[in-house]
Structure formats: structure tokens, C-alpha cells
Amino acid sequence: MNRRQFLKSTGVSFVVSGIGAAPWISAHADAAPIKIGVLAPLTGVVAAGGREMVEGTQFYFDGIGNKVAGRNVELIIEDDASNPDTALQKARKLVEQSNVHFLMGNLLANTGLAVANYVKENGTPYFIPIIAADDLTQRGRINNVIRVAGYSASAFTHPLGDWALKQGYRRILTVSQDYSFGHEQCGGLVQVFTEGGGEIVQQFWHPLNTADFSPYLGQIANTKVDAVFVMENGADATRFLQQYANFGLKGQIPLISAMNTTDQSIIRTLGPECEGIVSAAHFAEGADNPTTQKFVADYLAKFNKIPSLFGFSMYSGAMWITLAIEKLGGNVEDREALLAAVRSTELIDSPLGKPVKLDPYGNPIYDVYVRKVLRRADGKFWNVPIETYPNVSQFWKYDPETYMKQPPYSRTFQGIKKS
Amino acid sequence: MRVGHQGAAASVVAPAPTRPIWTASIVVLLLAGLTILHLLLSNYQVGLATEILIFGALAMSIDVLAGFAGRTSLAHGAIFGVAAYVVIYAVTQLGITPVAAFLLGVVGATLVAALFSLVSVRASGVYFLLLTLALGMIVWGICLRWTDVTGGENGLRGTLRSGLLRDARVFYWVVLVSVALLSLAMWRFVRSPFGLTLRGICDSESRMHSLGYNVHFHLFIGFTLSGFFAGVAGGLYAFFNNFVSPSSVALLQSVQGLLMTIVGGVGTLFGSFIGSAAILTLQNVVSSYTERWQSVLGIVFIVIMIFAPEGLIGAARSFLTRVLGKHPRRR
């Protein structure tokens, strides 16, 4: 036992010290590459999305030969484990040990908010193509946090509310996951819809990871509404859409949704139960323009799947930052200049197929598509634009200052206009 | 000393203070090492060392109960998190000075611990484990749903450190000193006459009862004090992280603390720091190389449980006694 124990423990310590030594050895490989810290949830509840984030980022940089403005690009990818404390730990590691020039990524709002709070202290540029928490580019904006190729949660549901009014819907019921991403997306729709004369009949908030939606679906079946708005992420989305169809509600009550509910990451596993759902977003993989279609075809060829929001956003975000670095001549060491360059850069030739600019608050201004899930010739489903709202601001048609005086959307504040 | 009914975990009660000079010199050497350590490390590694100290203190507070009173708690992560929540809330929402907020956080955690102990000290063994687990889950549920106060899923953020404390190395010093004092307090506590009654309870509750000790009251005090220790660690963590979210009070936090205690060696007190260093370092290093880092951690835990069930310190101690030809450790 004694000798065996000794061998075991020395073995383990050799392995540990070997692993510990590796980063020091590889540190001197290149002259002066541009180091990019990519944070993505590779484990935990949203790991599937995290892997697509990494795919999208690598897909872009591989496509340009991993060289920007003559300098090599070194991606340092860290797993945030879908956990804000881990995200913070990894952000510290990337900034203070790996000495990255800037950070990008994260998926869940709480991980993004934690990292944003950290970079606020030390000024490291942080780009968030996926994090949608409204306040990061509104009430709580931070100079060095920019939402390149991302969107604020309520930015696309504002126009969706307007679209719903135009369809003649007057009574809507909402179903949403009970956390801030849900509150904000719901709030955007609810505010515009009620201010335009619509009525929110009821709002269901359910916890994340709800397995059985029948209590809600039963009540929906017994309520007279013109449409149901649903905001679901991940496995909840799959379950809700399947159960909505199984309940016989599909085709009875029109379903409109937040963009993530009909994102490719969800509908690529679904059948006809997702067909016909309407949502609003900046990106529609079925958009009829050559750059979008080329991107979708290339992605499909490489990864054998139609790109989701995660792959698309990181790809476009990486492209945006690259354009800015080219403009700087590769001088990423000057943080202020990098931030200014990103701010003034217009994203062209991206998979969106349309040029995009940032507003003064660090949030992009998009042409927002109202999209419908349709079946492709090969049997796969995708989102096809049916209407476009040009140049949509994250503040919709409100004055930014007035808008930011109202509280952020939450379970208790949905911007419902009292009539 | 009789072997406790808790099995391997509780049987390794620390040896009696036979050679205090040895212990003292080891502690002094360790402290000296830790004070010069930071000169060799990058800022990030200093941060990691700070985290190791803070979580070591949490693990130690769990060890006070698990190793000496035979009560394994799964609520200490929640108590730790409550302190962090109170500190950040007090600074950002109430505008209290950080020092006062820290004290408030510790008081809050201690009160929560007192409340928990009222509910749970009458139970022991697996029932105690489950009760504390449930209590911890309640705290987690509250933090997740009471959005107005706790910020819900997004948690609370703030900037707590100001002036000199912003410097990672200065902060490391402050944490080192605080944790050293805290561990000294815990070490003294378990060796005090009162601490001995806890060990007595661990060995035989009924005997202590028949000897005239108010067993439940002693456990109540023990639990509350151990909660106080966890609260101090939680307060420090708030300053370290500037951020707290439900994941800080979740079951995983308690389990991780307990794992650190077990890896270091239950009943060894200072083993907690070894456990915390082992787990946090492994986590940070391995997760940079593979997505399967959790599997690697799992395998390491299994290996430790099989080959060193008494923890790393326990294993090292029995190894040393054999090498030095001394009699195996006393029971």
C-alpha cells in the first residue's frame, strides 16, 4: 500500500506539474500575434450553443488565414462553464496571465454581466456578439463594452409588437421563461403592442427547464386570444413547440416568438411543428441575398448544419473587429484607438448582406426582418423574411433619454400602457 | 480516542497537541512561504492564490463541524454566499462603507447559520446532511427569485475595493492576514474545552448527554460559530469577486467546499487549504486544455478516495510516520 501510494502520488504530481509547465513553454512561439480571448460555455446548460460560438469564430479566422493586418491571430479559448463565477475567473486568466488584447464572447447574460463588471475596472475591450442584456448598451453602458454584431433583447420585439398590431391582432397572451432575457424580450413586444391599442390578456412566467407545459397550454386553449407570443431558449423551446402542436393549438392560434425560439439551434431538431412561426431578427438564414446564401452554404458544407444565431453572431462579430483592426494597421495595443475604430467601423459584406453601423451607445442599428419558419426543398426548416423594418434602433421610436428613464423591463415592469 | 460512527471521514481526528513546537514552526514556515510566494506569480496567479485562501477558509469552517462534531453540512456554501450578497447589496444599494458592509455581511451569515442550526442540530448523520441541503436550497431559491433585492439570475455587481486594495497583491496580503487570523481562531476553537465537548459529541452523543452536557446547545453554538467563519470567508469573497450570483449560494458551492475538506483530509483543519489549492488549481489548469475537465476532476477525486481516503494531509501524515519508522498514528 505504502509504495503504491507513493508511486500514485508522485505520478499525479508529475502529471500536474507537466500540465502546469505547458503554457510557459508555448508562450514564446510567435513574434507578436494578436491575442484574442474567446469565452464560451463549452460545458454546462448551454454548451451546445457555446460550441457553435467557437465554430463560428474559428470559421471566420480560418477563412482569412488567421492573419489580420499582417499579424498572426492567436485565439485563446476558455470555457465559462455557463457559470458567472467561472466566467469571471477565466476572464481574469485571459487578461492577467495570457495578456490577450481583448475579450469576446460569453452566452448567458449573467456571465456577460459579470465579465463586463470586471473589464470596467481595467479597461480591457470586451465584445459581446451574443449577450443581449439591454442595460449593457443602455442604462448601465460601459465605454469598453461593445455589442458588435449582437443585439439588445428588446430591440427586435419592439418591431414584432408593431407587426402584430398590423396583422389586426388585438389580444395577445405571452409565455416566457422567467428570467431577465425573457422579461426584456417580452417587455419590448408588450410595450409597443399595448401602446398601439392592443391588450395583453395574460402573461405566463415559468421557470427555466420546464418539462411539462400542459397547465399553460390548457389555459391558452380556454382563453380567447388572437395570437400567442412565446419566448423560450434551449430545451424549453423544443418542448414548448412540440407540446403546442400536440395540444392541437398549432393552426388554431397563431404563434409569434422571440428570435431564439425559432433559431436554427432549436428548429434543426424539429419537424413540421415549427413551421409557420413568426419572429423578428436581424439575421434570417433564408434571406434572399447572395452574401447570406453563400455564408449559409459554406457553413452547411463545413459543419453539416445551417448556422445558428451563435455561429453567425461570433462570425460577424469577429469580422467587425477584424475590419477595425485592419483600419488601425494592426495596432491593437492601443485600446482607446481600437475601441474608437470598432465604433466607427461599418460592417460590410457580412452574412447579413447589408451594411450595419453602431449607435452612440455601442449597439448596432439593423434592418430587422420579420421572419417565418418555412420548409426548404431538402426538408430542413429555416427562417425566411416576410417583411423588413429598416434602421431599427434599440430604443425603437422613443427618444433614448426618455426611454432610459423608464425602468428596465422586468417581471413587474413590462411597459404596459394603462388604458 | 474512540473511532467515531461516521466511518472513515470522522475517524481521522487531529492528533493531540503532542508537539506544538513542530506545528507552530510548520505554520510559521508556511506563512513565510505564502508571503514571498506572490513575488513569483503573475497577477492572475496571485488572484488564484487569493481565491484558494478564501475557499480554504470556507472548507475549514466546514471541517470544524464535519471533522470535530461529526456533522457534515451542505449549507455552508449558502451561508458563505449570504455574506457575499449582504456585503455587495449594502455597498451598492444602501451606500454603506465597505468595512461596515463587511461586518454586516458577517452578522447576516451568522444569523442565517444560527437559524439553520436551530432547525438542524437535532438531526445527525444523513438526516443532518439532507436537512442542511434543503436549507441551502431555500437560500438559493430566494436569491434566484427575489429579483428586486438579489438581482435574480443576473446577480449583484459593484466595485468594493478602493484605493490600495485595488492592487491584487495588496489585496492578497489583506486576505492572507485575515485568513491566517481566522484559521488561528478555528484552530483554537476546536482545541478549546468547548471544542473538546464537540469531539465528545461526535464520539458518543448519548454519553455526553448522560455526563450532563446540553448536547443540542453545544451543537447550536458550534454550528453558529462555524457559520460565522464561513461568513467571514464569504465577505472576503465579495471583495475579491465584486460580484455575486445565485451560483455562489447554490448546492454546488457547498459541495465544492465539502470536497475541498475531504480532499485535504477531514479533521485536519489545515488540510482544507491543500484541498482548496488542489481543486482550484486543477480546475483552472485542466479546463484550459480540455472541455472534459469535469471528467478529469471526477477521476482525480475517485483516485484520491481510493488511495487516500483520509485526504491528502492524512495520507502524507501516515506516509511520513512510516518513513520515519514511528508508530502509526494513534487512534
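Coordinate-derived values only; no laboratory data. Only a predicted model underlies this, so the values are computations on that prediction, with no experimental measurement involved. Here Cβ is always computed from backbone atoms with ideal geometry, including for glycine, and neighbour counts include all displayed protein chains.
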What span do the alpha-carbon atoms of region A:354-408 cover on each of the three principal axes, reported in whole Å from largest to smallest?
48, 26, 16
Using the number of other C-beta atoms within 10 angstrom as an exposure proxy, rank A:Thr261, A:Thr388, B:Thr197, B:Thr50 with the fewest first.
A:Thr388, B:Thr197, B:Thr50, A:Thr261
Sorted from largest to smallest, which semi-axis lengths in Å does the alpha carbon gyration tensor of region B:285-328 give for its equivalent ellipsoid, taking the root of 5 times each eigenvalue?
31, 10, 6
Using alpha carbon coordinates only, what is the Rg to Rh ratio of region A:145-193, with Rh defined as the Kirkwood radius?
1.04
Percentage, to the nearest whole number, of Cα pairs in region B:27-250 over 33 Å apart
19 percent
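Taking the Cβ of A:Tyr389 as the center, what net charge do the other residues with Cβ under 10 Å away carry, scoring Lys and Arg +1 and Asp and Glu -1?
Numbers: positive: none; negative: A:Asp162, A:Asp367, A:Glu387.
In short, -3.
Quick check on the exposure proxy: order B:Phe220, B:Phe68 from fewest to most C-beta atoms within 10 angstrom.
Values: B:Phe220 18, B:Phe68 27.
Ascending Cβ contact count within 10 Å gives the list B:Phe220, B:Phe68.
Tell me, what is the percent relative contact order of region B:27-250, built from C-alpha pairs under 8 Å that lie six or more residues apart? List each step's numbers first, then the result.
Values: 326 pairs, mean separation 92.2, N = 224.
Contact order relative to length: 41 percent.
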May I ask for the Kirkwood hydrodynamic radius of chain A, worked out over all distinct Cα pairs and given in angstroms to one decimal?
22.3 Å
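By the scheme Lys and Arg +1, Asp and Glu -1, what is the net charge of all other residues having a beta-carbon under 13 Å from that of A:Tyr118?
The answer is +3.
Could I get the Rg over Rh figure for region A:128-214? Both from C-alpha atoms, Rh via Kirkwood, rounded to two places.
Value, to two decimals: 1.03.
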Hey, got a sec? Which chymotrypsin sites (Phe, Trp or Tyr not before Pro) in region B:86-155 land in a DSSP loop and have at most 16 other Cβ atoms within 10 Å?
B:Trp146
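Counting DSSP beta bridges in the protein assembly as shown, what percent are antiparallel, to the nearest 5?
Details: 20 of 52 bridges.
Counting DSSP beta bridges with both partners in the protein assembly as shown, the antiparallel share is about 40 percent.
For region B:27-132, what D do you get in µm² per second when you plug the Kirkwood radius from alpha-carbon pairs into Stokes-Einstein at 4 °C and 1.567 mPa s?
Values: Rh = 15.9 Å.
Rounded to a whole number, D works out at 81 µm²/s.
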Principal axes first, then extents: for the Cα atoms of region A:233-276, list largest minus smallest coordinate on each axis, whole Å, largest first.
25, 16, 16
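Using the 10 angstrom Cβ neighbour count as an exposure proxy, how do A:His183, B:His218 rank, fewest first? Walk me through the intermediate numbers first.
Details: A:His183 28, B:His218 19.
Starting with the residue having the fewest Cβ neighbours, the order is B:His218, A:His183.
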Cα-based Rg and Dmax for the protein assembly as shown, in Å, come out at 28.0, 89
